[in-house]
1. Wholly within the range B:525-628, which strands (runs of 3 or more DSSP E) include no fewer than the required count, namely at least 3 residues that are in the same structural domain as B:Ile687 (by TED's automatic domain parsing)?
2. Can you spot a residue in the range B:463-476 that is surrounded by fewer than 21 Cβ atoms within 10 Å (Cβ to Cβ), in contact (Cβ under 8 Å) with a residue 12 or more places away in the chain and in the same structural domain as B:Leu527 (by TED's automatic domain parsing)?
3. Scan the range B:222-238 and tell me whether some residue there is without any contact (Cβ under 8 Å) to a residue 40 or more places away in the chain, within 30 Å of B:Leu340 (Cα to Cα) and either more than 14 Å from chain A (Cβ to nearest Cβ) or of a type in the set (A, V, I, L, M) (or both).
4. Is there a residue being closer than 26 Å to B:Gly243 by Cβ and open to solvent by 40 Å² or more (accessible area, probe 1.4 Å) anywhere in the range A:82-100?
5. Among the residues in the range B:430-441, are any without any contact (Cβ under 8 Å) to a residue 24 or more places away in the chain and either in the same structural domain as B:Val177 (by TED's automatic domain parsing) or more than 28 Å from the chain's Cα centre (by Cα) (or both)?
6. Hey, could you check the range A:113-136 for residues that are open to solvent by 10 Å² or more (accessible area, probe 1.4 Å) and closer than 16 Å to A:Glu166 by Cβ and say which is farthest from the other protein chains (Cβ to nearest Cβ)?
7. Part of a loop (DSSP other than H, G, I, E, B), touching a Ser or Thr at 6+ places or on another chain (Cβ under 7 Å) and at pLDDT 95 or above, is that true of B:Thr273?
8. Is there a residue being in contact (Cβ under 8 Å) with a residue 40 or more places away in the chain, assigned to a loop (DSSP other than H, G, I, E, B), within 10 Å of chain A (Cβ to nearest Cβ) and open to solvent by less than 20 Å² (accessible area, probe 1.4 Å) anywhere in the range B:38-57?
Amino acid sequence: MSTVIQKPLDHQPPSLPPTQSVRLTINSQESHFTVAPWTTLLDALREHLDLTGTKKGCDHGQCGACTVLIDGKRINSCLTLAVMRDGADITTIEGLGTPENLSPLQQAFIDHDAFQCGYCTPGQICSAQGLLNEGKAKTEAEVRELMSGNLCRCGAYPNILSAIMEVMDKDGLIMDTKEWSAGGAKPEMDPINS
Amino acid sequence: MMTTDYIGKPTNRVDGPAKVAGTAKYAAEFNVPNLLYGYVVSSPIAKGKITKINAEEVLALPGVHKVFSHENVPSLAWFDRSYKDDVAPGGSPFRPLHSAEVKYSQQPVALVVADTFELARYAASVLEIEYEQTAHETDLSKHIDDAREPGGGKTGYKPPKSRGNFGRGWEQGVAKVEANFQHGAQHHNPMENFATTVEWLGDKSLNVYDKTQGAFNSQQYIMKVFGLSKDQARVISKYTGGGFGSGLRPQYQLFLAVLASLELERSVRVSLTRQQMFSFGHRPHTLQHVALATNADGSLSGINHFAVAETSQFEDFTENVVGWSGMIYDCKNVKLGYRLSKLDVYTPLDMRAPGAASGSIALEIAMDEMAEAAGLDPVEFRLRNYADYDQEQNLPFSSKKLRDCYHEGATKFGWANRNPAPRSMRQGNRLIGWGMAGGIWDSATQPAQAKASLDADGHLRVQSGSNDIGTGTYTIMTQIAAETLGLPIEAVTFELGDTLMPEAPVQGGSWTASSVGTAVRKACQALGEKLLKQAQKMDESAFADATIDDVQFVNGQLRLRTDPDQAVVLRDLVQASGEPRLEAENSKLPGMLGMLKPAQYSMHAHNAVFVEVQVDEELGTIHVTRVVNAVAAGRILNPKTARSQVLGSVVWGISMALMEESVMDHRFGRYMNHNYAEYHIPVNADIHDIDVIFVHEEDDKVNELGVKGIGEVGLLGVAAAISNAVYHATGKRVRDMPVMIDKLL
């Protein structure tokens with residue numbers, strides 16, 4: 001028998017930091033709010049601004065479910081504090097499209113059945129939008145590699161790939177026409193239509 | 001011309017727009033007013049007791065409301081049965097914050113409730129707790145001899161049945177193989193962390209937004225534990241961010257959130273962290289032994305399959321690991337055994353294709369070894385041992401197109417070009433291997449209720465308190481309802497996930513399509529009969545003498561089969577009724593009676609999987625470059641969502657074979673890789689070609705719709721096929737999952 005004490009390594013008397021005000025432009029709308037400085041951008045969006053389209057899967061930058069766009073670049077919103085982003089221009093899934101007016105990526109995700117439970121989906125779509133903005137991925141293999149920061153436990157990867165490839169193809173972004181190796185060969189790239 | 005024949009057509013998910021636009025709300029996303037946040041403190045020890053909780057400093061923080069622990073939890077339900085949920089195994093269920101005793105590592109020991117999430121998290125991090133630790137046992141390999149046959153207690157569990165005389169079959173065999181297999185514990189890890197938001201409505205009335213695979217199961221649990229009435233305990237679960245079995249039983253955040261809400265008379269949310277997703281049920285660490293023998297003609301003369309799995313000290317979690325081995329192949333002499341060893345871990349939990357996913361690894365690798373020892377191609381070997389009836393239950397199969405799975409899968413894959421010799425194919429520095437395997441899964445149907453209502457605008461609303469964990473329930477039920485009443489799919493809304501709706505079983509066991517699908521079908525048929533009656537009330541009705549068999553519902557109309565020009569628009573019938581809507585429910589009786597009737601048929605889905613791997617000869621890295629999965633699962637309601645189920649299963653199989661394992665450090669009795677960075681699952685770059693084939697299979701016996709369910713069958717055989725392909729590539733037989741580089745060097 002031995003005694004174990006559960007406590008922080010560097011034990012200081014508990015105390016709270018003062019809150020700070022933050023100004024963010026989110027989906028073209030300006031927001032002012034006050035949060036504790038240790039509030040992540042993710043929690044600020046979900047808990048303080050009721051923008052729950054951005055998901056929390058791990059809170060440690062390991063799964064990508066919380067991906068949003070800051071000035072057009074994809075970022076894990078759980079790995080940045082809201083106060084560090086004062087003045088930033090942020091786009092979340094709610095800013096990319098609405099159920100009535102979907103973005104091309106959102107529509108392609110539906111047409112290719114690129115999700116099942118839907119929980120990683122907003123992060124996948126924001127990440128894919130970031131990938132398109134970067135303009136770096138030109139081949140299927142590059143898309144797969146550069147979408148590998150976003151986990152999907154349902155295993156919708158082949159359909160996520162074909163959804164993104166369809167949007168890139170329509171925009172003339174595919175440089176390399178080498179044989180496709182996932183999501184079916186290229187002739188089967190089109191979604192199954194009813 | 002418009003058609004309303006939707007069943008069997010690839011159809012986009014009806015819940016798709018909400019999911020891709022981020023408007024689908026999951027359990028932790030209901031931001032009700034005046035919400036408090038609870039943060040769970042997890043035990044660092046695996047066994048012992050809590051001796052002191054120093055909560056004073058934490059409680060002094062402004063905004064901290066309460067620290068719940070065993071020291072201050074009010075008196076709750078006393079008997080074990082109150083804590084048993086619909087799918088609880090035998091034993092005594094774990095009660096959160098019940099006593100000072102710690103039964104497993106990461107056990108919830110306290111809940112800190114505060115005004116904000118950040119404050120609750122901080123307060124939990126500085127809460128000091130003292131424990132007295134005692135020695136724990138978490139290593140299954142050291143407790144094989146303690147293993148014993150499980151007691152009963154879990155609905156549906158039957159001990160495996162042996163037959164014939166394996167000893168004689170083994171003796172008479174001319175070729176034999178015998179080997180041990182194992183895989184470690186695995187955690188479901190759906191993307192959405194478990195969470196419950198409890199909305200306090202006053203007077204102990206709650207709206208409970210829970211992450212679960214069964215709203216009614218959660219409701220039953222909190223009613224019994226907290227003494228709530230049905231009206232007080234409404235459970236809502238419209239979207240579930242993945243389940244895979246983890247949401248079959250109510251998890252402890254539900255208990256904690258309801259406890260805090262009732263005690264503080266406030267709305268409360270409790271979300272688990274990803275680390276805490278490793279603090280409850282899991283696929284158990286399982287050790288297996290398989291021995292096979294064949295006669296000179298390649299027929300199996302004996303099958304022996306024995307498994308030992310871990311369970312907790314307080315419940316006997318049972319699953320069917322070995323039973324399939326007595327069913328899938330033709331053999332007179334079968335010896336099966338299954339035992340459990342009690343360890344200081346949490347009770348395991350059904351995880352996608354529970355039992356079968358584990359058992360098929362051992363049996364199907366052994367079958368590959370046996371085929372080689374018998375000098376037969378693995379497909380040919382399985383065909384020679386094809387079971388034409390279920391020898392375990394001594395029943396005919398309601399349908400079994402496994403032979404077609406072998407043939408169609410092999411053709412699509414190009415299996416005929418395989419050189420049977422290991423290390424016979426390469427491309428540059430990569431060794432190429434082809435392997436195959438297969439599996440079998442139950443096709444079950446549970447009692448379920450549904451309600452259909454047609455309003456005066458011609459909109460059909462169908463409800464059943466089921467769930468959609470990503471399986472496509474919303475979509476296929478909409479298809480079934482639309483086709484049954486001949487309405488355009490846009491005119492139909494299917495709703496689920498609310499205990500105010502007609503009751504449905506937990507979503508699991510691949511039974512939702514058959515159970516809820518049948519209920520939806522029958523509710524719509526009952527509504528159809530009401531509509532016919534209404535049509536008969538019209539002056540000079542053409543339907544006056546018509547029975548339900550004389551009419552059809554097509555294109556929004558009710559019409560006579562013999563004279564389709566005699567038609568009436570459905571919404572006109574509702575308007576003529578003078579009621580705002582016409583409603584009907586399916587009858588409860590057939591479902592219940594069906595459960596009591598002795599089975600006349602063995603009802604199962606089957607699959608065959610063909611895999612190509614490429615193994616870097618120097619580095620041992622393994623790439624699964626091609627998979628063909630041929631599935632026989634009866635009628636496919638929606639080939640689009642069904643294909644996704646099987647794609648996902650293949651990704652799961654790749655994960656089981658090459659990556660996934662909760663690694664226990666037995667010194668601490670704790671899973672050390674309890675996060676998404678170290679608990680490896682495939683990413684997009686790991687996944688290559690996956691081909692899904694649904695072989696044609698008609699079955700009018702399994703249920704009215706002819707569906708068998710496909711959430712699980714696609715996973716079977718995938719991991720074994722990969723291991724078999726790795727053997728074919730490298731000449732190394734790996735029986736210890738996951739197959740990693742060190743096992744190939």
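1. The qualifying strands (runs of 3 or more DSSP E) are B:604-616.
2. No: zero hits.
3. Looking through the range B:222-238, at least one residue is without any contact (Cβ under 8 Å) to a residue 40 or more places away in the chain, within 30 Å of B:Leu340 (Cα to Cα) and either more than 14 Å from chain A (Cβ to nearest Cβ) or of a type in the set (A, V, I, L, M) (or both).
4. Yes, there is a match, as at least one residue in the range A:82-100 is closer than 26 Å to B:Gly243 by Cβ and open to solvent by 40 Å² or more (accessible area, probe 1.4 Å).
5. Within the range B:430-441, the first condition is being without any contact (Cβ under 8 Å) to a residue 24 or more places away in the chain, and the residues that meet it are none.
No.
6. Looking at residues that are open to solvent by 10 Å² or more (accessible area, probe 1.4 Å) and closer than 16 Å to A:Glu166 by Cβ, I get A:Leu132.
7. Considered against the rule, which asks whether it is part of a loop (DSSP other than H, G, I, E, B), touching a Ser or Thr at 6+ places or on another chain (Cβ under 7 Å) and at pLDDT 95 or above, B:Thr273 comes out as no.
8. Looking through the range B:38-57, at least one residue is in contact (Cβ under 8 Å) with a residue 40 or more places away in the chain, assigned to a loop (DSSP other than H, G, I, E, B), within 10 Å of chain A (Cβ to nearest Cβ) and open to solvent by less than 20 Å² (accessible area, probe 1.4 Å).
The values are calculated or read from the model by the stated rules, or taken from the named source; none is laboratory data. In this text the structure is predicted, and so the values were computed from the model without any measurement. Neighbour counts are summed over all protein chains in view; Cβ atoms, including those assigned to glycine, are modelled from backbone coordinates with ideal geometry. Each accessible area value is taken on the protein alone, full model and side chains, heavy atoms only, with ligands, DNA and RNA left out. Shrake-Rupley method; radii C 1.70, N 1.55, O 1.52, S 1.80 Å.
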